[in-house]
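Please read the structure below before turning to the comments.
The values are calculated or read from the model by the stated rules, or taken from the named source; none is laboratory data. The structure presented is a predicted model; accordingly, all values stated were derived computationally and were not measured. FYI the Cβ positions are ideal-geometry reconstructions off the backbone, even for glycines, and counts take in every protein chain you see. When the accessible area is computed, the model is the full protein with side chains, heavy atoms only, and any ligands, DNA or RNA have been set aside. Shrake-Rupley method; radii C 1.70, N 1.55, O 1.52, S 1.80 Å.
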Amino acid sequence: MDTMIRKLPAIALRGMVILPGMIAHFDVSREKSIRAVEESMMDEQHIFLVAQKDIEKENPDISDVYKIGTIAEVKQVIKLQNNIVRILVEGKERAELSAFLDCPEYLYAEVIRFDEEEEELYEDVQQAMIRGLQETFGRYLAVNPKLGKDLQRHVNEMKDLQKLMDMLANNLPLRYEEKQKILEAVSLTERYEVLTAQLLMEIEVTAIKNDLQKKVKERVDKNQKEYILREQMKVIREELGEDNTESDAEGYLEALKKLKADKEVKDKIRKEVERFKNISPNSSESAVTRGYIETLLELPWDKTSKDNCDIKNAESVLDEDHYGLEKVKERMLEFLAVRNLTSKGESPIICLVGPPGTGKTSIARSVARALDKKYVRICLGGVRDEAEIRGHRKTYVGAMPGRIANGLKSAGVKNPLMLLDEIDKMSNDYKGDPSSAMLEVLDSEQNNKFRDHYVELPLDLSEVLFIATANSVQSIPKPLLDRMELIEVTSYTENEKLHIAKRHLFDKQLERNGLKTGELTISDKALSVIIRGYTREAGVRNLERKIGEICRKAAREIFEGDKQAVKVTEQNLTKYLGKQKYDFDKRNEHDEIGVVRGLAWTSVGGDTLEIEVNVMPGKGEFNLTGQLGDVMKESAQAGISYIRSVSEEYHISKEFFKEHDIHIHIPEGATPKDGPSAGITMTTAMLSAITKTPVRADVAMTGEITLRGRVLPIGGLKEKLLAAKNAGIKTICVPKKNEKDIEEVSAEIKKGLEIVFVEQIQEVLDVALVK
């Protein structure tokens, strides 16, 4: 390869490379570079341009620049401010830097020119290279169309390989290091390989860049589109006066963040909020969805209150609020003890059964206070629709959650005390049976996943302490009764009522009627008279009303200035309450034939029934009067059948029952009476009337009779014993199988009573009939 040596002024370029055939301008600020430009203009206007390896180097030497540079022709020189010169140059040919000659004023280079024409390529090889470059450049333009179609057309028209490569190298947006590689490729073959590699690299990089830009642009465009649409929706809603939907949805999402609930619940609420956003506020569905979301947000999914585990405190609170009710208190303290030992303990499901006014509802409130539980009362009296318990499905107009879900919502925690009041008063109709729905609520194995039709998500009721109240278990379905732990709340004795009146009712009524302590006093004897003569009940409701009546009259006297303080005694009680309303049917003074005192249980406590039997000549008819129920009539039939079967023992003739009519009557005919417990009483009365044998006036009895004369057990013994004691009865015949029930009756009631346990009617007759 022939070479030719030239000596030219040189400029060390920073961050750029000038290729042959390239026209470019750049600014020169270094003193040596300006002097080199001036020197070249004084000669042939040729200058050697070589790139610096390190652009920060201020005074480069031969080791700081690349070996290959370009001989260029200076076309134009413009002097700018701040001693800057802008020059326009055209690259002519490649040259190799041999050395920098000794010249302190500017860089003076000795370079060796390349004879590029020496390499000869076959025509078909050149054509192949040209086509390859044109195709590759076409692919490059496909991913980078900014270079324009004119350049592509110009490239496609090129027939000279060297000029084509120079044109492509000059138009590609390459870094100066990459252009230096092209510059250093002296031979056409080598230059073709480097340029093609650069083009392919640029195609790949540009394609990746375009792909990334497209994704970013799509994301940005989507965000911008959503933003614009939201702003438009906001303006439209403001124009229509519906701008509160979006703010409500945001409020729901904020509340959702603070909600204590599991993932399933939160996902459901989030889904409903998204639906709510897309519903028109004027549609009925919007109100339904709004109500549903608010209900879900208000339910205490995982929110609990901390129970008071101090058993001494609980005991003192229960004793402070209620007198008696020992079984209920004992069961609550047992529950608390188990809870303390096991750290959890299964919440009991208790049913308090007893007459009205005995404190069943108030003891539940007291238990809640003793355990520091939230208290919720759900009255089930008269409920006859299953939806009242389980809720209505959302599809119905006016749908709402059931009473159980509403109770949890009002409590605000998942472990309240829930009082199911009057559970025996539920009924059913064509809409369903609410007692069947209560089966799941009161089953400790199932109620951790209780599903309300409205809520649609499982509610955990396993930590709820359920206390139900009922006056009688007769109307409660057996499966429901089986799920509850029954605790009987019996009638209060006269002594218990006296204590309750003094400790609770009196102070309560003083406060309610605006009286201060000391302004009214009621003697114990006066309270006893009120209990016996002015009220007849198992509980203390009427007793409280009577005390309240005295308080009102006393308040009037004090307000009118007649007295400073009022004292009520046995003597002046009629002034405040009038004449006594009730008088217990006292036992007869004399033993009578065909008259026997029976014992009955009523919803307001116990009572005595005087059963009368008359035997008269007739045709063998058997009459029952006094508004008796079917069971009571059947008991009378069983009694007369027994008497006829043993008639020979009592010397009753066989013709007696054909020639005489027997009439059984129970006074107070307006009051319905039923039940089997008067069986032995009616049998004794009939036998007394038939045999003309008197019955002891101080004996009362209760028990069911069979055809063979056996005496079967009955219920309500405590109330019956109380009634007998108040009536002045001394001896009571009770079925032998009720002996265990008698043991539970307090000694206060049994005091002064002779209780005879009987298994056969003959034992009753031995006690009752006067020998």
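Some points to look at:
- Measuring nothing but protein heavy atoms, the accessible surface of the range 623-771 at 1.4 Å probe radius is 50 percent carbon and sulfur.
- Taken per residue, the accessible surface of the range 26-167 reaches 58 Å², heavy atoms only and a 1.4 Å probe.
- Sorted from greatest to least, the principal axis extents spanned by the alpha carbons of the range 691-771 come out as 37, 25, 14 Å.
- Among the GluC sites (Glu not before Pro) found in the range 628-678, those both in a DSSP coil and sparsely packed, with 11 or fewer other Cβ atoms within 10 Å of their Cβ, are E648, E649, E655.
- Cα-based shape type of the range 341-485, given that a ≥ b ≥ c are square roots of the gyration tensor eigenvalues and the cut on a/c is 1.5: oblate
- In plain terms, if you count all Cα to Cα distances in the range 536-603 and split them into 10 Å steps from zero, the share in each step is 15, 33, 23, 17, 9, 3 percent.
- Between the range 490-539 and the range 639-658, the Cα center-to-center distance that results, in Å: 53
- Taking a straight line from the alpha carbon of K149, these aspartates and glutamates sit under 13 Å away, with near neighbours fewer than eight places off in the same chain left out: E157.
- The trypsin sites (Lys or Arg not before Pro) of the range 1-107 that meet both conditions, a loop assignment by DSSP and at most 14 other Cβ atoms within 10 Å of the site Cβ, are K53, K57, K67.
- Between Q762 and K654, the contour length at 0.36 nm per residue exceeds the Cα-Cα span by 36.8 nm.
- Spacing of the two label points (7 Å from each Cα toward its C-beta) at M16 and K502, in nm: 11.6
- Length gained when the stretch E38-E330 is fully extended (0.36 nm per residue, less Cα-Cα span): 93.6 nm
- Lys/Arg +1, Asp/Glu -1 at C-beta; the range 623-771 dipole; positive extreme among A685, A636, A697: A697
- Cross-link table K260/K306; K502/K730; K497/K525, entries beyond 18 Å C-alpha to C-alpha: K502/K730
- For the peptides 360-367, 636-643, the ranking by mean Cβ contacts within 10 Å, running from highest to lowest, is 360-367, 636-643.
- Loop-located trypsin sites (Lys or Arg not before Pro) in the range 551-622, at most 13 other Cβ atoms within 10 Å (DSSP): K563, K579, K581, K586, K619
- Cα radius of gyration and Dmax for the range 145-238 (Å): 21.7, 74
- Here the extension length gained between Y396 and Q127 equals 88.6 nm, from 0.36 nm per residue of separation less the Cα-Cα distance.
- Modelled label reach - M201, point 7 Å along Cα→Cβ, the range 146-169 residues with backbone N closer than 16 Å: 169
- From phi via Karplus (6.51, -1.76, 1.60), per-residue ³J(HN,Hα) for the range 379-396 in Hz, x at Gly/Pro: 8, 9, x, x, 5, 9, 10, 4, 5, 4, 8, 8, x, 9, 5, 4, 5, 7
- For the chain, adding -39500 (n - 2.57) for each run of n ≥ 4 DSSP H residues and dividing by the number of residues yields -13000 deg cm²/dmol at 222 nm.
- Alpha-carbon radius of gyration plus Dmax, which is the widest Cα pair, for the range 458-524 in Å: 19.6, 57
- Residues T189 and I55, FRET efficiency given R0 of 30 Å [Cβ-Cβ distance, rounded to 0.05]: 0.45
- Structure-derived Rg and Dmax of the Cα atoms in Å: which label, when the choices are (i) 26.9, 85; (ii) 25.1, 77; (iii) 55.3, 172: (iii)
- Here D562 and E298 are evaluated by their C-beta separation; at R0 = 35 Å the FRET efficiency comes out at 0.05.
- Distance between the pseudo-spin-label points of K312 and H154 (7 Å out from Cα toward the beta carbon): 10.3 nm.
- Cross-link partners of K79 among aspartates and glutamates (Cα-Cα below 12 Å; sequence separation of 8 or more within a chain): D27, E38
- Flagged links, alpha-carbon separation over 31 Å, of K7/K181; K234/K257; K567/K718; K327/K750; K327/K374: K567/K718
- Calculated on alpha-carbon atoms, Rg and Dmax of the range 10-132 in Å: 16.1, 55
- Once the Cβ-Cβ distance of R708 and H665 is raised to the sixth power relative to R0 = 35 Å, the FRET efficiency obtained is 0.85.
- Percent of Cα pairs exceeding the 15 Å cut-off, where the set is the range 611-672: 55
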